[in-house]
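Read through the structure below, which is laid out as structure tokens, and then see the notes.
The values are calculated or read from the model by the stated rules, or taken from the named source; none is laboratory data. From a predicted model like this one, the values you see are computed outputs, not experimental measurements. Cβ placement follows ideal geometry from the backbone for every residue including glycine, while neighbour counts extend to all protein chains displayed.
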Amino acid sequence: MTESKTTANVATLAPPVLILLGPPGAGKGTQARMLEKRYGLVQLSTGDLLRAAVAEGSEAGKAADKVMKSGGLVSDEIVIAILRDRLSDPDTAKGVILDGFPRTTVQAEALDELLAESGQKIDAAISLEVDDEAMVHRIAGRYTCGECGEGYHDSFKKPKVDGVCDVCGASNMKRRSDDNAETVAERLAAYHKQTAPLITYYEQRGALQRIDAMGSIDEIATTVSRAVAEATRK
Ligand SMILES: [Zn+2]
């Protein structure tokens with residue numbers, strides 16, 4: 001009796017499956033953590049999935065391990081098999097946020113097929129949208145104190161005394177070498193090129209939610225929450 005009831009519930013309330021898209025620096029990690037906390041969703045990133053499957057020694061994990069040890073790229077079939085295993089784990093019952101998969105429309109199609117097996121679908125592909133020029137300015141301007149790690153910015157958060165940390169008084173500020181304007185612009189261009197087909201794919205299926213990711217973390221979180229709540233109500 002109880003068993004059939006549970007089955008009915010699962011069938012009618014398929015857990016939400018979300019995809020989070022956004023270029024480096026758009027705050028994807030922060031928003032994913034917020035969604036985990038607020039909705040009990042589990043973030044599944046491709047790298048973590050592969051590592052966990054290999055460690056677990058599942059059939060798909062063993063196949064992935066073999067490919068990675070030979071220096072090859074793990075096939076879509078293997079990733080899908082790992083994802084299938086993972087989506088049956090009880091901790092994903094409230095839904096998942098996919099990060100880093102799919103990357104191509106072929107993968108997106110394979111994912112749709114996988115989800116269809118259990119009557120699921122992508123409820124929302126959330127695209128964190130940034131203003132590229134402002135993004136370059138934002139990322140290229142940041143630096144941190146080499147001693148205590150306090151973060152600063154050329155425009156938004158200058159220390160009281162130029163080059164001297166407000167917190168600990170040290171004067172060895174550090175910049176990440178890959179945070180220069182040219183590299184950031186290249187990263188953004190690569191992101192757009194890779195993601196454009198996916199954006200179109202989910203737009204055509206009515207699942208795309210564009211979110212302005214240039215506001216404050218809290219503003220973005222509010223908009224993302226609203227989009228998720230709306231998408232999971234359907
Ligand atoms: Zn400091």
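The set of residues in the range 138-162 that are of a type outside the set (A, V, I, L, M, F, W, C) and in contact (Cβ under 8 Å) with a residue 40 or more places away in the chain contains only Arg138.
Restricted to the range 121-234, the set of strands (runs of 3 or more DSSP E) holding at least 1 residues that are away from the ligand (no atom under 16 Å from the Cβ) and within 19 Å of the chain's Cα centre (by Cα) comprises 124-129, 208-212.
Give me the residue from the range 10-55 that is closer than 13 Å to Ile97 by Cα and among the polar types (S, T, N, Q) and, out of that set, surrounded by the most Cβ atoms within 10 Å (Cβ to Cβ). The selected residue is Gln31. Of all the residues that make up the range 86-102, how many are of a type in the set (Val, Ile, Thr) and in a helix (DSSP H, G or I)? The qualifying residues number 1.
Remark: pairs (first residue in the range 9-26, under 18 Å from Ser118 (Cα atoms) and modelled with pLDDT of 85 or more; second residue assigned to a loop (DSSP other than H, G, I, E, B) and of a type in the set (Gly, Ala, Ser); Cβ separation under 8 Å; 6+ apart in sequence or on different chains) = Pro16/Gly95; Val17/Gly95; Leu18/Gly95.
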